[in-house]
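See below for the structure under consideration.
The values are calculated or read from the model by the stated rules, or taken from the named source; none is laboratory data. Bear in mind the structure is a predicted one, so any value in this text is a computation, not a measurement. Using ideal geometry, Cβ is built from the backbone for each residue, glycine included, and neighbour counts are taken over all protein chains shown. Areas reflect the complete protein model, heavy atoms only, side chains present, ligands, DNA and RNA absent. Shrake-Rupley method; radii C 1.70, N 1.55, O 1.52, S 1.80 Å.
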Amino acid sequence: MGKDPRTDASSAADGSGGELQVVVSSDPEALALAVASAVAVEAQRAVKRSGCFNLALSGGSTPALTYRLLAGSPFAEDIPWSATHLFWSDERCVDATDPYSNEGMARRALLDHVAVPRAQVHPMCCSRLVEDSGGDERLTALRAREAAEGYEKLLRTRGQAMDLVLLGLGEDGHTASLFPDSDALEDGGRWVLPVLHEPKGAHAVGREEPLWRVTLTASFINQAAAIFFIVSGRTKAGVVREVIRGAEGADQERALRLPAQSIRPRGGRLCWFLDAEAAAELDRGRPR
Ligand code: 6PG
């Protein structure tokens with residue numbers, strides 16, 4: 001894939017002495033192409049390194065464009081799907097056919113179109129919590145904990161960190177299902193945790209009741225060889241600036257409370273893929 005003139009990459013130091021890369025594309029379509037191209041590079045790199053590609057898919061709506069690109073030419077041919085193991089960064093505990101399901105979105109946009117062996121697709125399997133518990137809140141909470149423990153056992157049994165984790169960013173600075181002031185932010189070394197979350201903003205459309213989720217924790221995500229944030233739209237520009245600038249010292253106090261600030265790879269690479277609108281406030285007040 002040749003260099004796309006609609007995309008520009010730059011590097012910046014983050015607050016922990018590491019380096020983060022910021023890739024800005026002119027629009028959501030160019031952003032999706034930039035991410036898909038970078039995923040293909042990571043896949044080839046991982047398979048060369050270890051013979052397989054462990055990829056954790058982001059939830060939310062932004063990645064759908066990227067997933068649809070990955071399902072088509074040239075990525076469907078370029079990526080070694082037969083050597084790929086697919087995981088999720090987080091899941092909303094609804095049926096996979098529910099439009100709100102991260103698994104459902106990824107299956108419709110990507111998995112139904114590429115040849116990843118069924119045994120290599122690892123959904124978080126938390127879609128029947130409420131049904132299986134007969135609506136008993138205590139039992140539902142137990143089922144959510146069991147789903148998280150089951151996923152953590154899978155990850156620990158495989159004993160491999162992710163080669164690549166894809167993440168989105170909420171306007172409140174959440175990523176995966178790591179929300180502000182959530183207990184899951186103090187993960188105590190756990191890799192997967194259940195989260196009870198009251199949907200807000202766009203996520204609350206058609207949903208009032210608190211919803212159980214299962215999420216990878218920062219402790220696990222930060223072990224990845226590469227972590228890509230994929231962020232689009234002007235509504236995210238402020239929080240993008242806070243999270244990235246926070247990594248560079250400005251607004252440190254408030255920014256450190258933003259969950260996305262806890263994503264700091266231990267030795268891996270962190271790259272922010274933004275469209276121009278999401279990057280609109282990055283250079284505000286910066287010396288040229
Ligand atoms: C989730 C996601 C979440 C998402 C952000 C951005 O399951 O809710 O994992 O972290 O990535 O909320 O969502 P959009 O891409 O829809 O803006």
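Some points to look at:
- Hits in the stretch 24-33 (condition: open to solvent by 10 Å² or more (accessible area, probe 1.4 Å) and within 16 Å of the ligand (Cβ to nearest atom)): D27, P28, E29
- Enumeration of residues in the stretch 269-279 that are outside any strand (DSSP E or B) and touching an Asp or Glu at 6+ places or on another chain (Cβ under 9 Å): A276, E277
Residue by residue, here is whether (1) over 18 Å from L196 (Cβ atoms); (2) in contact (Cβ under 8 Å) with a residue 60 or more places away in the chain; (3) open to solvent by 70 Å² or more (accessible area, probe 1.4 Å) holds:
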residue	(1), (2), (3)
V114	yes, no, no
P123	yes, no, no
D136	no, no, no
A148	no, yes, no
L154	yes, no, no
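- Annotation note: of V195, V231, the sole residue that is farther than 14 Å from A260 by Cα, within 13 Å of the ligand (Cβ to nearest atom) and under 17 Å from the mean Cα position of the chain (by Cα) is V195.
- Evaluation of V47 against (1) under 12 Å from L166 (Cβ atoms); (2) open to solvent by 10 Å² or more (accessible area, probe 1.4 Å) (one fails), failing number: (1)
- Complete set of residues in the stretch 158-182 that are more than 8 Å from the ligand (Cβ to nearest atom), under 16 Å from L55 (Cα atoms), open to solvent by 10 Å² or more (accessible area, probe 1.4 Å) and assigned to a loop (DSSP other than H, G, I, E, B): G159, Q160, A161, D163
- Checklist (1) over 12 Å from the mean Cα position of the chain (by Cα); (2) crowded, with 19+ Cβ neighbours inside 10 Å applied to T215, failing item: (1)
- On inspection, V94 passes the criterion of being more than 21 Å from A43 (Cα to Cα), open to solvent by 10 Å² or more (accessible area, probe 1.4 Å) and within 16 Å of the ligand (Cβ to nearest atom).
- Meets criteria (assigned to a helix (DSSP H, G or I), within 13 Å of the ligand (Cβ to nearest atom) and either modelled with pLDDT of 95 or more or within 23 Å of A278 (Cα to Cα) (or both)) for V239: yes
- Residue in the stretch 194-204 that is among the charged types (D, E, K, R), farther than 12 Å from A56 by Cβ and at pLDDT 95 or above present: no
- Residue that is farther than 13 Å from S89 by Cα and within 16 Å of the ligand (Cβ to nearest atom), where the choices are A218, A226, A144: A144
- Flag if V195 is part of a strand (DSSP E or B), under 23 Å from T66 (Cβ atoms) and open to solvent by less than 50 Å² (accessible area, probe 1.4 Å): no
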